[in-house]
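The values are calculated or read from the model by the stated rules, or taken from the named source; none is laboratory data. If you're wondering where the values come from, they're calculated on a predicted model, not measured in any experiment. Ideal geometry is used to build each Cβ from the backbone, glycine not excepted, and the neighbour counts take in all protein chains shown. In case anyone asks, the SASA skips ligands and DNA or RNA and just uses the protein heavy atoms, side chains included. Shrake-Rupley method; radii C 1.70, N 1.55, O 1.52, S 1.80 Å.
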Amino acid sequence: MDFLYNILVAPFAMIGAAPSFFVEVLIGGLLSGVMYSLVALGFVLIFKASGVFNFAQGAMVLFAALFFAGFMDKGIPWYGALPLTVLVMLVLAMGIERVVLRPLVNQPHIILFMATIGVSYFLDGLGQTIWGSEMRVLNIGIPQNPINMGPIQVNAFDIVAAVVAGSLVAALALFFQYTRIGRALRAVADDHQAALSVGIPLKTIWAIVWTVAGVVGLVAGVMWGAKLGVQFSLAMVALKALPVLILGGFTSIPGAIVGGLIIGAGEKVAEVFWADAIGGGIEDWFAYMLALAFLLFRPQGLFGDKIIERV
Amino acid sequence: MFYREAGQFKASYAADQQIFPIRQDRIAYYTLLAVAFAAVPMVANEYWMATILIPFLVMSIASLGLNILTGYAGQLSLGTGGFMATGAFAAYKLSTWDIGATFGLAEPMHLHMVFVFLGAGVITAAVGVLFGMPSLRIKGFYLAVATLAAQFFLLWLFNKVPWFTNYSTSGVISAPPRELFPGVVITGPMAHPVTKYLFLLSLVVLLALGAKNIMRCHLGRAWMAIRDMDIAAEIIGIRPMRTKLAAFALSSFYCGIAGAAWAFLYTGSVEPLAFSIEVSFKVLFMIIIGGLGSIMGSFLGAAFITLLPVLLTNGPRLLGLNIPVDIISHLEFMIFGALIIFFLIVEPHGLARLWQIAKEKLRLWPFPY
């Protein structure tokens with residue numbers, strides 16, 4: 001009885017008593033959800049273009065962040081380190097396309113999925129062999145102080161992250177909509193064989209998509225690295241992006257954003273108001289349960305392509 | 001030259017349908033069993049038993065379980081670690097349950113180890129059915145990510161609720177000393193590795209035999225139909241709900257026993273973190289490298305993935321190279337990842353397929369035309 005009261009009544013009483021605190025928690029959650037979306041975006045790009053569920057995205061985030069932080073530690077300013085890291089991600093993308101994807105063309109999805117897990121092990125090892133495993137502090141001059149907006153407080157860092165994510169999505173949308181390569185990417189995402197038959201080079205497109213995903217991973221890595229420090233646990237951020245991904249749908253960029261917002265807000269609110277009732281540390285699984293609940297009503301995620309099955 | 005089935009005629013349906021229709025296979029199988037039961041305990045030392053053979057057997061039970069679900073029934077799952085943890089904690093609760101006190105007997109009485117293992121499997125099967133429910137609506141990678149909910153939720157539950165660890169402050173459970181027969185201790189710190197090994201080996205043989213036979217009966221064929229195309233299977237009269245949930249139940253039963261064996265026969269004491277998502281991935285690697293939808297493949301994959309880290313750690317030392325420990329652990333990651341990619345490229349159908357090809361070649365050898 002006590003337990004039910006703690007779950008069903010007490011949290012709402014708390015929300016009712018201090019609505020501005022609830023709004024503050026909600027906004028904090030939404031903004032941190034944007035950070036999850038950043039990681040989920042990379043997954044979506046690759047899944048859309050090649051149908052590969054790229055588990056290595058988390059490792060790519062870590063890999064990019066390690067290189068970026070490593071270059072900066074060597075004394076290169078950030079405007080020099082950024083293109084250098086993009087170059088590294090380009091080489092990496094071409095390598096993955098040549099060594100992993102090309103020999104595995106036409107294999108079942110699960111095999112490609114396992115291959116990307118192999119890639120993620122490899123990248124985790126390679127990045128740390130080159131740059132060492134101690135934690136690096138990444139300071140790119142983003143303020144961390146709280147800002148007062150009327151009655152509620154918001155962290156300045158979260159706002160910067162949201163702006164960065166927003167401009168990244170806008171840039172991606174423009175890139176997909178208005179460039180030649182973007183059009184080719186959309187064609188490949190739509191139908192591999194049709195795209196091939198009108199002369200779109202599939203291999204080049206895949207390398208480009210993996211590079212773009214690598215750049216998205218770099219942005220995510222820099223933001224997460226500035227927040228948590230660049231270390232091995234950064235690769236685990238990918239596990240946080242997975243529920244975002246299934247909630248939004250594997251094939252939808254807006255889905256990744258909306259999914260991130262829902263997961264971020266839900267997680268924060270649950271952590272603050274419900275954690276006392278059912279014991280702390282629920283952020284490990286809450287996002288998955290939330291996504292699962294949504295999936296039961298929409299099996300392809302909120303914005304995913306409708307799954308049509310024929311015999 | 002020696003591997004010929006010429007002249008081996010089958011006079012009955014039973015003979016035609018047996019697991020090893022070729023006599024040479026049968027002989028090889030019985031020899032393997034004899035070696036495993038009789039020769040290995042005499043030859044292997046305690047180090048080999050405790051660090052290689054026992055974990056290999058434990059993981060082969062787990063990969064049998066996942067192969068039932070993923071390889072035969074086609075439901076991708078990343079919750080293996082969570083189910084193994086369920087098995088371990090269920091076994092712990094069952095083995096420390098004082099039946100005597102519950103039923104008002106004068107003396108304390110405990111469940112026999114065989115029932116503890118069975119009970120752990122059954123409890124895990126129930127949990128597996130619960131978490132398998134979404135599979136009726138969610139498919140493919142969506143389901144894989146959904147099973148992660150089971151993984152994280154179950155581990156969190158065992159971490160947070162002190163009842164599961166009998167209110168131990170450290171959150172670690174230790175196997176209580178129990179006997180299989182009077183005088184033969186199989187769990188706890190006093191148990192000899194050889195007794196543990198033999199008990200585990202019998203368990204593995206029984207479970208593998210069970211799995212092989214279930215796959216040959218109507219249930220196994222229904223699973224394969226669901227895997228190949230679930231809508232078509234439904235149309236020819238296979239009930240998806242019953243079949244999928246049965247797959248989750250049996251798979252979790254195996255994973256539960258594997259978890260119990262891990263806690264009771266391998267490490268002896270265990271905390272929830274030991275069954276982290278890494279374990280789920282490892283088991284998935286085993287069945288993919290070994291071969292999806294193959295009992296033999298489960299064993300080959302388990303052997304490969306358990307032996308590989310041992311080789312990688314000891315390899316450089318044997319070669320006389322002196323590499324710092326942290327570099328070695330990073331290199332291990334790299335080599336592990338690279339080998340997995342290599343194997344997937346060379347033979348996407350796994351080691352079991354390689355084995356099959358080798359047998360085909362052997363039948364024609366030395367005159368392939």
- Filter the stretch B:158-173 down to residues that are part of a helix (DSSP H, G or I), buried (at least 17 other Cβ atoms within 10 Å of the Cβ) and more than 9 Å from every other protein chain (Cβ to nearest Cβ) and give me whichever is nearest to the chain's Cα centre (by Cα). B:F158
- Query: Among the helices (runs of 4 or more DSSP H) contained in the stretch B:175-274, which hold 1 or more residues that are more than 20 Å from B:L111 (Cβ to Cβ) and of a type in the set (F, W, Y)?
  - Reply: B:193-216, B:218-228, B:240-261
- Is one or more of the residues making up the stretch A:108-117 more than 18 Å from A:A69 (Cβ to Cβ), within 14 Å of chain B (Cβ to nearest Cβ) and not in a helix (DSSP H, G or I)? yes
- Message: All but one of (1) under 20 Å from A:Q144 (Cβ atoms); (2) within 14 Å of another protein chain (Cβ to nearest Cβ); (3) touching a helix residue (DSSP H, G or I) at 6+ places or on another chain (Cβ under 7 Å) hold for A:A161; state the number of the condition that does not hold.
- Response: (2)
- Query: Do we find a residue being at pLDDT below 80, part of a helix (DSSP H, G or I) and away from chain A (no Cβ under 14 Å) anywhere in the stretch B:318-327?
  - Reply: yes
- Task: Give just the number: which of (1) out of contact with any Gly (no Cβ under 8 Å at 6 or more places or on another chain); (2) of a type outside the set (S, T, N, Q); (3) open to solvent by 10 Å² or more (accessible area, probe 1.4 Å); (4) modelled with pLDDT under 90 does A:V215 not satisfy?
- Result: (4)
- Task: Kindly indicate which of A:V244, A:V237, A:V272 is in a helix (DSSP H, G or I) and farther than 20 Å from B:Q151 by Cβ.
- Result: A:V272
- Among helices (runs of 4 or more DSSP H) entirely inside the stretch B:1-72, those with 3 or more residues being in contact with a Ser or Thr (Cβ under 9 Å, 6 or more places away or on another chain) and under 30 Å from B:G268 (Cβ atoms) are B:54-66
- Can you tell me how many residues in the stretch B:133-157 are more than 7 Å from every other protein chain (Cβ to nearest Cβ), within 20 Å of B:M241 (Cα to Cα) and of a type in the set (A, V, I, L, M, F, W, C)? 5
- If you go through B:L292, B:L250, the only one that is aliphatic (A, V, I, L, M) and at pLDDT below 95 is B:L292
- When B:F336 is run through (1) buried (at least 23 other Cβ atoms within 10 Å of the Cβ); (2) facing chain A (nearest Cβ under 9 Å); (3) in a helix (DSSP H, G or I), the failure sits at (1)
- Message: Name the single residue that is farthest from A:E134 (Cα to Cα) among those in the stretch B:296-333 being open to solvent by 40 Å² or more (accessible area, probe 1.4 Å) and hydroxyl-bearing (S, T, Y).
- Response: B:T313
- Message: Looking only at residues that are outside any helix (DSSP H, G or I) and crowded, with 17+ Cβ neighbours inside 10 Å in the stretch B:339-369, which one is modelled with the lowest pLDDT?
- Response: B:P348
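Being open to solvent by 30 Å² or more (accessible area, probe 1.4 Å), over 20 Å from the mean Cα position of the chain (by Cα) and at the interface with chain B (Cβ under 7 Å from one of its Cβ atoms) is the requirement here; does A:Q144 meet it?
No.
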- Item | Extreme residue, farthest from B:G268 (Cα to Cα), among residues of the stretch B:138-154 that are touching a helix residue (DSSP H, G or I) at 6+ places or on another chain (Cβ under 6 Å) and open to solvent by 20 Å² or more (accessible area, probe 1.4 Å) | B:Y142
- Task: Report the residue count in the stretch B:220-237 for those that are more than 22 Å from B:V283 (Cβ to Cβ) and either surrounded by fewer than 19 Cβ atoms within 10 Å (Cβ to Cβ) or aromatic (F, W, Y) (or both).
- Result: 9
- Query: Given B:S276, B:S280, B:S252, which one is within 14 Å of chain A (Cβ to nearest Cβ), buried (at least 21 other Cβ atoms within 10 Å of the Cβ) and small (G, A, S)?
  - Reply: B:S280
- Message: Being within 22 Å of B:A263 (Cβ to Cβ) and of a type in the set (S, T, Y) is true for just one of B:T80, B:T102. Which residue is that?
- Response: B:T80
- Filter result (closer than 21 Å to B:S276 by Cα, more than 8 Å from chain B (Cβ to nearest Cβ) and either at pLDDT below 80 or surrounded by fewer than 18 Cβ atoms within 10 Å (Cβ to Cβ) (or both)) within the stretch A:281-311: A:E283
- Item | B:T195 touching a helix residue (DSSP H, G or I) at 6+ places or on another chain (Cβ under 7 Å) and open to solvent by less than 60 Å² (accessible area, probe 1.4 Å) | no
- Among residues of the stretch A:170-208 being closer than 28 Å to A:L31 by Cβ and modelled with pLDDT of 85 or more, the residue least open to solvent (accessible area, probe 1.4 Å) is A:L172
- Query: Do the conditions hold for A:D158, that is, is it surrounded by 13 or more Cβ atoms within 10 Å (Cβ to Cβ), over 30 Å from B:D326 (Cα atoms) and of a type in the set (D, E)?
  - Reply: yes
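Given the structure, is B:Y92 open to solvent by 10 Å² or more (accessible area, probe 1.4 Å), modelled with pLDDT of 90 or more and closer than 30 Å to B:D228 by Cβ?
Against the criterion (open to solvent by 10 Å² or more (accessible area, probe 1.4 Å), modelled with pLDDT of 90 or more and closer than 30 Å to B:D228 by Cβ), B:Y92 does not qualify.
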- Message: Between a residue in the stretch A:87-106 that is away from chain B (no Cβ under 11 Å) and any residue that is open to solvent by 70 Å² or more (accessible area, probe 1.4 Å), which pairs come within a Cβ distance under 7 Å, given they are 6 or more apart or on different chains?
- Response: A:E97/A:K203
- Cβ-Cβ under 6 Å pairs, at least 6 apart or on other chains, the stretch A:35-60 side within 13 Å of chain B (Cβ to nearest Cβ) and within 21 Å of A:W224 (Cα to Cα), far side among the hydrophobic types (A, V, I, L, M, F, W, C) and outside any helix (DSSP H, G or I): A:I46/A:V52
- Do we have B:L209 as closer than 25 Å to B:R26 by Cβ, under 24 Å from the mean Cα position of the chain (by Cα) and either open to solvent by less than 50 Å² (accessible area, probe 1.4 Å) or at pLDDT below 90 (or both) here? no
